[in-house]
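*Asks:* Here it is: the structure, laid out below.
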């Protein structure tokens, strides 16, 4: 079961300034029921400290519903759990099927790709900022080049976010 980075990335959300995945999304990827995934976790709860997994508050759940535009999350009796990258890695020691192993590998590769992208983006932003300072200080740099680079950064930021609302 080969998953693409885009498929996995579409299921990664930022909550409490941490990139996480929902228990229900992980269960679908692992091809198990959400309740069974959560049972396996609860049987091994010592492996999942707060920085590996946490339960969403009511406000966080409402914000997430608004962000992803779904009411599917309201069909649950309890608020969902979310797993950080470390929590997802720990799931591989709890869920031992071949599918779980393969899915975990793909998820870890996606998190690595996201980190690489963020580092590249930060480096580019720093270089553009340096150019802007040089222009402000009167050094000769073509203003059009600076405008194009600034636009690229703006476009890049917009493409990396999940848009909310209608197109």
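*Asks:* Residues that are buried (at least 16 other Cβ atoms within 10 Å of the Cβ) and within 19 Å of the chain's Cα centre (by Cα), at least 2 per element: which helices (runs of 4 or more DSSP H) completely within region 1-60 meet that?
*Replies:* On the way: elements: 5-9, 23-30, 34-43.
Filter on region 1-60 gives 5-9, 23-30.
*Asks:* Out of 134, 109, report the one residue that is over 19 Å from residue 28 (Cβ atoms) and either surrounded by 11 or more Cβ atoms within 10 Å (Cβ to Cβ) or modelled with pLDDT of 70 or more (or both). Walk me through it before giving the result.
*Replies:* Details: 109 fails: over 19 Å from residue 28 (Cβ atoms).
None of the other options fit; the residue is 134.
*Asks:* Does region 66-78 hold any residues that are exposed (fewer than 15 other Cβ atoms within 10 Å of the Cβ) and either at pLDDT 85 or above or on the phi < 0 side of the Ramachandran plot (or both), and which are they? Spell out the reasoning first.
*Replies:* Initially, region 66-78 is screened for residues exposed (fewer than 15 other Cβ atoms within 10 Å of the Cβ), giving 66-67, 69-72, 74-78.
Selection gives 66, 67, 70, 71, 72, 74, 75, 76, 77, 78.
*Asks:* Which residues, counting only those in region 76-107, are under 18 Å from residue 56 (Cβ atoms), in contact with a helix residue (DSSP H, G or I) (Cβ under 6 Å, 6 or more places away or on another chain) and part of a helix (DSSP H, G or I)?
*Replies:* First, the residues of region 76-107 that are under 18 Å from residue 56 (Cβ atoms): 76-88, 91.
If we keep only those that are in contact with a helix residue (DSSP H, G or I) (Cβ under 6 Å, 6 or more places away or on another chain) too, we end up with 79-81, 85, 88.
The answer is 85, 88.
*Asks:* It is to be established whether one or more residues within region 27-43 are touching a strand residue (DSSP E or B) at 6+ places or on another chain (Cβ under 6 Å) and under 26 Å from residue 112 (Cα atoms). Steps first, answer last, please.
*Replies:* First pass over region 27-43, keeping only residues touching a strand residue (DSSP E or B) at 6+ places or on another chain (Cβ under 6 Å): none.
Scanning region 27-43, I find no residue that is touching a strand residue (DSSP E or B) at 6+ places or on another chain (Cβ under 6 Å) and under 26 Å from residue 112 (Cα atoms), so the answer is no.
The values are calculated or read from the model by the stated rules, or taken from the named source; none is laboratory data. Remember, predicted model here, so these are calculated numbers, not experimental data. Cβ coordinates were reconstructed from backbone atoms using ideal geometry, including for glycine residues, and neighbour counts include every protein chain displayed.
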